1. At 0.36 nm per residue, minus the direct Cα-Cα distance, what do residue 199 and residue 103 gain on full extension? Give it in nm, one decimal, please.
2. Sketch the reach of a paramagnetic label on residue 220 as a point 7 Å from Cα along Cα-to-Cβ, and name the residues of the stretch 170-213 whose backbone nitrogen lies under 18 Å away.
3. Relative contact order of the chain: what whole-number percent is it, with Cα pairs under 8 angstrom and at least 6 residues apart?
4. Just the C-alpha atoms of the stretch 85-129: what Rg/Rh do they give, with Rh taken as the Kirkwood radius?
5. Just to be sure I understand: if I project the alpha-carbon convex hull of the stretch 8-93 onto a plane and average over all orientations, what area do I get in nm²?
6. So for the stretch 51-176, averaging the separation of alpha carbon pairs under 8 Å that are six or more residues apart and normalising by length, what relative contact order in percent results?
7. Taking log10 I(q)/I(0) by the Debye sum over Cα atoms at q = 0.08, 0.12, 0.17 Å⁻¹ straight from the coordinates, which label in (i) -0.33, -0.75, -1.42; (ii) -0.34, -0.72, -1.29; (iii) -0.28, -0.66, -1.36 is the correct one?
8. Quick one: if you stick a label point 7 Å off each Cα along the C-beta vector at residue 136 and residue 88, how many nm between them?
């Protein structure tokens with residue numbers, strides 16, 4: 001996380017507007033810490049690094065359970081997202097389906113999707129239908145629409161091809177996308193940084209034209225190895241959690 005902090009600080013030093021996002025299954029790898037509640041340390045680190053929104057993967061839902069999700073939903077500074085995960089036997093979503101964020105003159109909608117797996121305590125519904133149900137409303141509310149998706153890569157491709165108006169899909173999970181890909185009538189950009197949880201971070205520079213269309217982009221997948229220096233302020237803060 002201290003290396004991740006270095007990358008994030010560097011991005012903020014270069015750009016006026018920066019979003020820090022996560023596409024899911026990042027709240028289930030806690031080492032034993034001062035707070036034994038599942039996900040507490042991971043969420044505290046994400047707060048410290050200034051994350052804006054975090055999608056829930058099925059692994060997060062399984063590790064946290066309904067009480068843990070509710071706790072983080074109330075306590076975290078970032079927004080937990082899932083447009084298709086429901087408490088079992090109810091119509092109650094596990095988290096907010098999307099977040100609306102202002103970046104300069106742009107209004108962004110960030111949608112979260114959970115991968116479909118048999119997860120006790122939860123009902124995870126079809127991701128494609130969940131996105132379709134939101135799009136009419138979000139096209140009115142936002143200039144730019146970003147999808148944080150832990151769904152399978154083929155599902156993300158189906159969404160890009162079948163749902164008009166999504167600008168970027170940031171994909172989680174272990175199914176590697178070697179290079180950025182643009183698909184569909186909206187020329188939706190698909191990006192994927194991870195392969196192993198926490199090993200990489202993706203850095204995207206997105207350039208929108210006057211009509212809020214994604215005109216250009218730069219993309220880098222950064223390996224968080226010893227070549228990236230650890231941010232000492234974050235490292236000291238991490239050590240303080242166990243003092």
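1. Values: separation 96, 0.36 × 96 = 34.56 nm, distance 2.77 nm.
Between residue 199 and residue 103, full extension yields an extra 31.8 nm.
2. Within reach of a label on residue 220, which here means backbone N under 18 Å from a point 7 Å along Cα→Cβ, the stretch 170-213 contributes 179-180, 191-194, 199-207.
3. Values: 504 pairs, mean separation 42.7, N = 243.
Relative contact order comes out at 18 percent.
4. Over the Cα atoms of the stretch 85-129, Rg/Rh equals 1.11.
5. Working: hull surface 24.8 nm².
So the mean shadow area of the Cα hull is 6.2 nm².
6. On the way: 251 pairs, mean separation 28.9, N = 126.
It comes to 23 percent, rounded to a whole number.
7. (iii)
8. 3.4
Taken together, the values in this text are just the output of simple stated rules run on the coordinates, not laboratory data. Source: prediction; values computed, not measured. Heads up, the Cβs are rebuilt from the backbone with ideal geometry, glycines too, and the neighbour counts pull from every protein chain shown.
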